[in-house]
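Take a look at the structure set out below.
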Amino acid sequence: MSQVRVRFAPSPTGYLHVGGLRTALYNYLFARRHNGVFILRIEDTDRARYVEGAVENLVQTLRWAGIEYDEGPEKGGTAGPFVQSERLALYQEHAAQLVKSGAAYYAFDTPEELDAMRKAQEKEKLTPKYDRRALRLAPADVKAKLDAGLPSVVRMKVPDQPTVAFDDIVRGRVEFASTQIDDQVLLKSDGYPTYHLANVVDDHLMGITHVIRGEEWLSSTPKHVLLYTFFGWEMPQFAHLPLLLNPDKSKLSKRQGDVAVEDYKKKGFLPEALVNFVAFLGWNPGDEREMFTLDELVREFTLERVGKSGAVFNLDKLNWLNFQYLKRKPDAELFALLRESLRDSPFAGNTYDDAYLLRVINAMRERVTFVRELIDNSPYFFAPPSAYDPPTVKKRWKPETSSHLKALAEEFSRLENSGQKEFEDALQRTAESLKLQNGDLIHPLRLAVSGTGSGPGLYDLLSILGKDETIKRVNAALARIG
RNA sequence: GGCCUUAUCGUCUAACGGUUUAGGACGUAGCCCUCUCAAGGCUGAAAUACGGGUUCGAUUCCCGUUAAGGCUACCA
């Protein structure tokens, strides 16, 4: 096999869709696995949909996910340019070539005329399809209209053959009756190509060997097959990926939740978790392993193991994966993320030293799914409690509690260090002298220093806060709760 | 409506005719651990859409039905 060349070809609509991420990922994995080339191509042939800055956003988001392209915008490559609006002449030439060879023809119908035609067809329960009225025009008429500068399009002429078929790597042989295929517009009246023309021309010119894309393209693939045939070009291999679905099984859409990779990034998902998750929507290694880094995916990925049925984008599993990756993150990386998150929190103005934050991380890392929760779930590490959780107060704060806590604070004040063991021993001594169970002190003490009834082990908590802060907080609670 | 695709626990999936009382993971229920919340450990409930074939034997192959989805633009 010649060198593998694949591409991810999104439209610059402003953000990267998670389905797009999955498509990009599979292309990337396939390219890396075969020491091939992964190309990024921007399909901006619909001028109405163009969004400013979309390309930069796309590139950045892919990079965030760890997906680097080999050739593409801002990077170049021999097959460039990689933005379709910069390749218009190419498409126009190729469209003209098809007209010349008789595989395509000019048409001059207005949108209103086409609309009326379709309505009439639907009324008669026919498949809406161009009725080839332009083909009845005399060559001289066509020339006259063209010379007069009338708006025109180029349509492909579906040949009179029974079927168009192709072999798809994930779906096997797929066959369409030619009568079902429309004389698709290839070149629009504004001089821009449609997806079909641009896609085929570029894929050929860029030497694409495998077209790996979403299943929504399966139905238009016969048009592409026909185009390759018209040009006499070698056909790439096709692989149509199963769709990503909403919980109600419809195609994943904005309406039913977040679809932009950026949204997930903003929510605090780690790129490795999102990538791992999305990779497993439609693919698996064939055994029971579930956690894969990008490099491991490169080593294991094959198109043969891609499934055929759509996959629901399930947040629960993604959350779990994020938790797993967070739990395993090296201290230094988590530390950097916490610092970043802190800058964006109510505690942005405070200063904390590195050792302190590291201890917070170690106390909390198995209790959080997102970095943000290091702060949100345990604000008491960053400031004294501003309130005391009422249900916990009701449950743990008894009339005799204040005298107990006073005794505890007294005992703590004699401590020389703030180690877990010191606190534990001091608490035990106090419990003994008051003839109490440890729990009778532990729960109200936790409430007093943290304001809540849950969190890391009490002695860890105290040790991190330190002796002075602990006593200060106990006194504050005594004053405020009573 | 037409065409195309798909169909295993609620969800992601394993099984490439027999090693299957259909395996794993998430979620969920219970128990253990325990100073709380988690984490962790153990246990449980939970699926081959339906109907026909083919075969000694079908989750697996074929046909049909049903259901779901995609496409049906001078959008991609």
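Each reported figure results from applying straightforward, stated rules to the coordinates on display, with no laboratory input. Since this is a predicted model, take the numbers as computed values, not measurements. Glycine gets a Cβ as well: all are built from the backbone with ideal geometry, and neighbour counts include every protein chain shown.
The table below gives the values:
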quantity	calculated
Peptide ranges A:205-216, A:411-422, A:150-161 listed from the most packed, as the mean C-beta count within 10 angstrom indicates	A:205-216, A:150-161, A:411-422
Pairs of Cα atoms farther than 14 Å apart, region A:278-327, %	57
Partner lysines for A:Lys119 [C-alpha distance under 21 Å; skip if fewer than 8 residues away on the same chain]	A:Lys129
Label-point separation in nm, A:Phe335 to A:Asp354, each point 7 Å along Cα→Cβ	0.5
At R0 = 25 Å, FRET efficiency that the Cβ-Cβ distance of A:Asp46 and A:Lys129 yields, to 0.05	0.65
Local electrostatic count at A:Ser101 - Lys and Arg +1, Asp and Glu -1, tallied over other residues with Cβ under 13 Å	+1
Region A:263-388: C-alpha gyration tensor shape, a/c 1.5 cut-off, then a/b vs b/c	prolate
Relative contact order of chain A, pairs being alpha-carbon contacts under 8 Å that are 6 or more residues apart, as %	13
Rg in Å to one decimal, and Dmax rounded to a whole Å, for region A:225-302 via C-alpha atoms	17.0, 49
A:Ala96/A:Arg171 FRET efficiency (R0 45 Å; Cβ-Cβ; nearest 0.05)	0.85
Area projected by the alpha carbon convex hull of chain A, averaged over all directions, nm²	30.9
For region A:14-90, the fraction of alpha-carbon pairs in successive 10 Å shells from zero, as %	18, 50, 29, 3
Sum of side-chain charges, A:Glu56 neighbourhood, beta-carbon under 11 Å (Lys, Arg +1; Asp, Glu -1)	-1
Contour minus Cα-Cα distance for A:Asp295 and A:Glu400 (0.36 nm per residue)	31.8 nm
For A:Val312, distant residues with modelled amide H under 5 Å away	A:Leu245
Cα centroid separation - region A:207-229 against region A:422-482, whole Å	67
Volume per residue that the Cα convex hull of region A:186-231 spans, once the total is divided by residue count, Å³	86
C-alpha long axis of helix A:331-343 to longest principal axis of chain A, angle in °	90
A:Glu373-A:Arg480 pseudo-label distance in nm [points 7 Å out on the Cα-to-Cβ vector]	2.5
Span from the region A:255-297 Cα centroid across to the region A:301-366 one, whole angstrom	13
Lys, Arg +1 and Asp, Glu -1 on Cβ, resulting dipole of region A:269-350 about Cα centre, debye, nearest 20	160
Whole-number percent relative contact order across region A:334-415, with pairs defined as alpha carbons under 8 Å at least 6 apart	26
Long-range amide H partners of A:Ala104 with built H, under 5 Å	A:Val99, A:Lys157
Label-to-label distance, nm, for residues given as A:Lys254 and A:Glu304 (7 Å Cα→Cβ offset)	4.1
Low-density loop positions, GluC sites (Glu not before Pro), region A:13-100 - DSSP coil, at most 16 other Cβ in 10 Å	A:Glu52, A:Glu68, A:Glu74
